[in-house]
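Reading through the structure tokens given below for one structure.
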Amino acid sequence: MGKLLGRPRSPASAQLRLMVPISIVSAFLNNTPVVAVMIPIVQRWGRNIHISPRQLLIPLSFASILGGTCTLIGTSTNLVVVGLLQERYGSLAPTIGLFDLGQYGVPVAFAGLAYVLVAAPWLLPGGKRGKGSRG
């Protein structure tokens, strides 16, 4: 996985290289196992590229959550809501397909990933702009 992610020169570049593939994978796999599998990989990758894992683990989690909003199977919450909708309204409930949530989820995922990249230097531990401030 380290070869796939490469050797970024800055925390922002590392976060981007991590968040894009994770959000895509999380759209089709449940986000909890994706994060569970990636935690040790991201920690090792962070040490290898000399970027604190603290700068990478929250973006990993957020990318997984945001990617999960893009499809019906991306997160269990989407499946639960569709099940409740069908249970309550029966045949009157609209049919929700695999990619129907994408028209809302993809723009939200892009906006969320952009926000993480912009806000990370101030909000994440070890960020260059957050050093020395205990807020």
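The values are calculated or read from the model by the stated rules, or taken from the named source; none is laboratory data. All values reported here derive from a predicted model rather than from experimental measurement. Please note: Cβ atoms are built from the backbone with ideal geometry, for glycine as well, and neighbour counts cover all protein chains shown. Keep in mind that these areas ignore ligands, DNA and RNA; they rest on the heavy atoms of the full protein, side chains included. Shrake-Rupley method; radii C 1.70, N 1.55, O 1.52, S 1.80 Å.
Inside segment 52-74, can you point out the residues that are in contact (Cβ under 8 Å) with a residue 60 or more places away in the chain and open to solvent by less than 20 Å² (accessible area, probe 1.4 Å)? Outline the logic, then answer.
Start the filter on segment 52-74 by keeping residues that are in contact (Cβ under 8 Å) with a residue 60 or more places away in the chain, which leaves 52, 54-55, 58-59.
Result: Gln55, Pro59.
Being under 20 Å from the mean Cα position of the chain (by Cα), surrounded by 12 or more Cβ atoms within 10 Å (Cβ to Cβ) and free of Cβ contacts under 8 Å to residues at least 12 places away in the same chain is the requirement here; does Thr77 meet it? In short, yes. The set of residues in segment 7-25 being open to solvent by 90 Å² or more (accessible area, probe 1.4 Å) and assigned to a helix (DSSP H, G or I) consists of Arg17, Ile24. For Ser10, the requirement of being among the hydroxyl-bearing types (Ser, Thr, Tyr) and either touching a Pro at 6+ places or on another chain (Cβ under 9 Å) or at pLDDT below 95 (or both) is met. Each residue in segment 26-38 was checked for being within 20 Å of Leu98 (Cα to Cα) and either touching a Leu at 6+ places or on another chain (Cβ under 6 Å) or in a helix (DSSP H, G or I) (or both), and 7 pass.
Candidates in segment 111-126 are the residues that are part of a loop (DSSP other than H, G, I, E, B) and under 13 Å from Pro59 (Cα atoms); of these, the one that is modelled with the lowest pLDDT is Pro125.
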